Amino acid sequence: MTLKRTLVATAVAALAGAAHAQISDGVIRIGVMNDQSGTYADLAGPGSVVAARMAVEDFGAAKKGMKVEILVADHQNKPDVGSNIARQWYDVDKVDAIFDVPTSSVVLAVNEVTKQKNKALIVSTGATSDLTGKACTPNSIHWTYDTWSLANGTGSAIVKTGGDTWFFLTADYAFGHALERDTEAVVLKQGGKVLGKVRHPFPTADFSSFLLQAQASKAKIIGLANAGADTINAIKQGAEFGITRGGQQFAGLLVFLTDVHALGLEKAQGLLLTEAFYWDLNAQTRAWSQRFAKLHKGAMPTMAQAGVYSAVLHYLKAVEALKSDDGPKVIEQMKKMPSEDPVFGKGRVRQDGRHVHNMYLFEVKKPAESKGPWDYYKLRATIPAEQAFRPEKEGGCPLVK
Amino acid sequence: MNGRPQLATRLAAPAAGLRQQRIALAAMVAFFALAPAVIYPVFLMKVMCFALFACAFNLLIGYGGLLSFGHAMFFGGAAYVSAHAAKVWGFPPELAILAATAAAAALGLVTGAIAIRRQGIYFAMITLALAQMVYFFCVQAPFTGGEDGIQAVPRGRLFGIVDLGQTGAIYALVFAVFIGGFLLIYRVIHSPFGQVLKAIRENEPRAVSLGYNADRYKLLAFVLSAALAGLAGGTKALVFQLASLTDVHWTMSGEVVLMTLVGGLGTVFGPVVGALVIVAMANYLAQLGAWVTVVQGLIFAVCVLTFRRGVVGELAHWLRKPL
Amino acid sequence: MTEIFGVPTQALFGQLLIGLINGSFYALLSLGLAVIFGLLNIINFTHGAQYMMGAFCAWFLLNKLGLGYGWALVLAPIAVGAFGVLIERTMLRRLYHLDHLYGLLLTFGLALVIQGLFRHEFGSSGLPYAIPKALEGGTNLGFMYLPNYRAWVVGFSLAVCLATWFVIEKTRLGSYLRAATENPQLVRAFGINVPRMITLTYGFGVGLAALAGVMAAPIYTVSPLMGADLIIVVFAVVVIGGMGSIMGSIVTGFALGLIEGLTKVFYPEASNTVIFIIMAIVLMIRPAGLFGTPR
């Protein structure tokens, strides 16, 4: 009896061992790289690490006998720091896949290193739609959102509701330019007009002279093609200069829940924005978000953090199905399998690496309409998954046949 | 402000201590040749590039007595030139690095001509201002890629033969560049030119009265320092295959000052040790985010208050021989 | 609508007024630097960090102690000034016998430490500080809408700058200070406590930086890095004005604000660089600065 049990146990162990033999060192190492202490620390930062851990737990790695390790690094929003970390992680620390990565310039740098070392990169927070366009590789997936989907969502919705003259306030770097370009295309396509644009240095503390120009243009909508602290400052100082009093409205082209939290409803009310996720959308997102908030100082998750959860979960499922953590093979598997989780519901990854899911147009509530902290958005429209993202053929990705 | 900056350590006569310097040189060469077996080679390459940068900076401050607060413009500017040459113009790596060095030298000539007229604090301020101009130029100019930087720089084939994609090959190149640059600086310091430079640093009016054109010597030192900083920057761009705004930002200028200060201003090997310390610290403390800046600032303060000679300087003082 | 060089006059005046407002910050900050350098020959690289500390002090006073803007205007400069006194007493004093550049390096290191600590504690995204109720709203001037708070900034800065200039150049205390820098031994012989004067002067200069920080808090986000890039510009202002000249810094500060405003209208890409170009030119023609006396 005991001998039989021992034999069975050994056989199971051997089988399990054989399965793990294809997972490098028997450990799946996940690297979460983002800005831990700077401008983007609140919308991703330590929260993304919490989300990643939740995904590993929900996947049940321990029960399945799979060892998963999570490494964390701060890229300080600098491409050289990001590429150094990626290089070191792949070469020395044997990381298998990198997640999150806000800041488009860092995304491109890490993408390059990932391609060279033939590993995997799943971007949840970075915005550049070039990742699924001319910079696409068989080693990367773009999960949560991109500049095209934001421009499409916010831009067309606003023009349709009467905001047909625009003035752009753009952060003078690749991300800002891309956002401005994509939104302008949408506005013009819908029959709107762009009355002017001004580029401001990234980052800028004082928007007074730019706001003055925006006021002088008399455009109905002032499009903020920037993010983070720049958006917050522009809106704050806009209130100071009486922008809304003059009948103009701000359109935040990339706004996160944490930005609205920092601004306060008094200043942010009426702002129109597009996001891929909101904690209060349905019962499933509510339940998941409450769990997240308990682990993250009571702060509700942003779409970036939700994206990390969803991406890590799908990655682990793919590794399990494939029984290997080889970079491009897992990416391929992730594209083959449809994804499902309480955060984004059902979704899939296209050939160009784009994860498609619904996008949502929100309006920020008035202070009287809000029932408590983090109750900030009301849903204005749902953009169905197949329309929310740039058509596959238009991106210029060589992987699309 | 009197014309006698006392920033550099007063060294004993150069002939004495040659044996110690030879030993140190051999130790340094051995370290960088053998260490890649146990230490991550990319880290060592970073150390070597910054060590060369710091040595170039030290040439100006330690031997010329001129504190430049804008040396990042040579390092970073050259990195951009090298990256652009390799990626867009398709230059092979050796020509890309040469182009970078030449560009840095040219920039050094122009900025030096403006800055040399003043001394001390004013000199530092002018170099800072000029570096800021270069920084903002790099932010705006389309070819630098702004915040993205120039990415995916190809390492290419050295002389058309050696594939620098292999770690061993690129390490050998960086090693050669570093040792070459270092020996050049060593030679300059111990040459008649170096002597005159030191004389000018000690007492400029007297040197002038002896018939030396002080401005010309200082300008030459400035250009040399700029060119070697450019050599370091151009090489670094190929190693990391990236040139970004960090390389031209004024905090980079501050870092090279820190490296030289920690290692020992005016010593031959100080900058190398300083670069090793600072790069290692930044690397291993990177996990702690903002603490890196705090520690760097503390080291600065402590060095200035109590440890002015730096690591190598203290060692040299203890041995009573110049290092 | 009339136009000057293709820009409507309305827009032009608006930008000039904005420029004047920014200029008042430059003037206030460079005033502190000029006082410290002019009287003490110390280059205070920590100035930007002390400006930031003033803003954080205001935030702290409001959010932790419930003390508003008015209190902050008085208490923050005193608190940060005291910190400055501590720095001078414990560290800067040891470097007076050395080359001035060591002072620069020390204050540079201190700036890194202070900024790093604040960044560690508060992150980089910044904290909000509301415009005080009494100064909210604004007036429509026709060519632009001028927020009351910004008008206050210009007025108050001008007042502080002129008051400081008056004290240093026209009063007895000021003359003691100026004498003490030129010939400390002699002044000491007259029974005046020179080291204490130096310490207090440093504290005063630092206090001015903190005051600028309090004024900046409502309009610029209170963030640990708010002083880091500003300090370089302020150095340029001080150098152009003449490193020892109080009036030079004030005039240059406001003038720079105006020039920057103009550049933003006609050639915005250069608005960051124009100050350094001017500095390089001035240093080539008049090395001691526009109002400075050669030392």
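We did not get these values from a lab; they are worked out from the coordinates using the rules stated. Not measured: the values here are computed from a predicted model. Note that we place each Cβ from the backbone using ideal geometry, even for glycine, and neighbour counts take in every protein chain shown.
Summary value for chain C: 37 percent relative contact order, contacts being C-alpha pairs under 8 angstrom separated by 6+ residues.
To the nearest 20 debye, what is the magnitude of the charge dipole of the protein assembly as shown about its Cα centre, counting +1 on the Cβ of each Lys and Arg and -1 on the Cβ of each Asp and Glu? Could the numbers behind the result be given before it?
On the way: 82 positive and 60 negative charges, 319 e Å.
Roughly 1540 debye for the protein assembly as shown.
Shape descriptor for chain C: Rg over Rh equals 0.98 (Cα atoms; Rh from the Kirkwood inverse mean 1/r). Counting every pair of alpha carbons in the range B:39-249, the share spaced more than 20 Å apart comes to 55 percent. Helices in chain B, meaning DSSP H runs of at least 4 residues, each add -39500 (n - 2.57). Divided by all residues, the mean residue ellipticity at 222 nm is -22500 deg cm²/dmol. Just add up the charged neighbours of C:Phe166: K/R +1, D/E -1, any other residue whose Cβ is under 14 Å from the Cβ of C:Phe166. Summing Lys/Arg as +1 and Asp/Glu as -1 gives +2. Shape summary: the range B:96-220 maps onto an equivalent ellipsoid whose semi-axes, from the alpha-carbon gyration tensor, are 35, 23, 10 Å in decreasing order. Legend: mean number of C-beta atoms from other chains within 10 angstrom of residue C-beta atoms, peptide A:34-41, equals 5. Helix C:246-266 and the long axis of chain C differ in direction by around 30°, with both axes built from C-alpha atoms.
Per-residue mean of foreign Cβ neighbours for C:229-240 is 3 (Cβ atoms of other chains, 10 Å radius).
Mean residue ellipticity, 222 nm, helices only, chain A: the sum of -39500 (n - 2.57) across DSSP H runs of n ≥ 4, divided by residue count and rounded to 500, is -12500 deg cm²/dmol.
Across B:Pro142, B:Pro41, B:Pro271, mean-square fluctuation computed from a Gaussian network of chain B (C-alpha pairs under 10 Å connected) peaks at B:Pro142. Comparing A:Ala251, A:Ala276, A:Ala62 in a Gaussian network model of chain A where C-alpha atoms under 10 Å apart are linked, the largest mean-square fluctuation is found at A:Ala62. Taking every alpha-carbon pair under 8 Å whose residues sit at least 6 apart, the range B:39-249 reaches a relative contact order of 46 percent. Residues with amide H under 5 Å of A:Lys67's amide H, sequence separation 5 or more or different chain, H placed in the peptide plane at 1.01 Å from N; which? HN-HN under 5 Å from A:Lys67: A:Ile28. Taking other C-beta atoms within 10 angstrom as a stand-in for reagent exposure, B:His84, B:His190 fall in the order B:His190, B:His84, fewest first.
State whether the protein assembly as shown is rounded, prolate or oblate according to the following rule on the C-alpha gyration tensor (a ≥ b ≥ c being the square roots of its eigenvalues): a/c under 1.5 gives rounded; otherwise a/b larger than b/c gives prolate, and the remaining case gives oblate. Oblate shape, in that a/c is at least 1.5 and b/c is the bigger or equal ratio. Close amide-amide hydrogen proximity is noted between A:Asn139 and no other residue 5 or more places distant or on a separate chain, at a cut-off under 5 Å (H modeled in the peptide plane; Pro and chain starts excluded). Against the longest alpha carbon principal axis of chain C, how many degrees, from 0 to 90 and to the nearest 10, is the axis of helix C:274-285 turned? With rounding to tens, the tilt is 50 degrees.
Counting only other chain Cβ atoms within 10 Å of each residue's Cβ, the peptide A:77-84 averages 6.
Taking a sphere under 12 Å around the Cβ of A:Gln36 and counting the other residues whose Cβ falls inside, with K and R at +1 and D and E at -1, yields a net charge of -3.
When DSSP beta bridges are restricted to pairs lying wholly in the protein assembly as shown, around 40% turn out antiparallel. Applied to the range B:245-253, the Karplus parametrisation 6.51 cos²θ - 1.76 cosθ + 1.60 on θ = phi - 60° returns per-residue 3J(HN,Hα) values of 5, 4, 5, 10, 6, 5, 5, 5, 4 Hz, with x for Gly and Pro. Electrostatic bookkeeping for A:Asp146 treats Lys and Arg as +1 and Asp and Glu as -1; over the other residues with beta carbon under 14 Å from its beta carbon, the sum is -1. Pairs of lysine residues in the range A:88-190 that meet both criteria, 8 or more places apart or on different chains and Cα atoms under 18 Å apart, total 5. Taking only the C-alpha atoms of the range C:142-295, Rg followed by Dmax gives 18.0, 60 Å.
Taking amide H as placed 1.01 Å from N in the peptide plane, the amide H of A:Ala120 sits under 5 Å from that of A:Ile98, each at least 5 places away or on another chain. Helix B:310-319 and the longest principal axis of the Cα set of chain B meet at an angle near 50°. Remark: the Cα gyration tensor places chain A in the prolate category, a/c being 1.5 or greater and a/b exceeding b/c.
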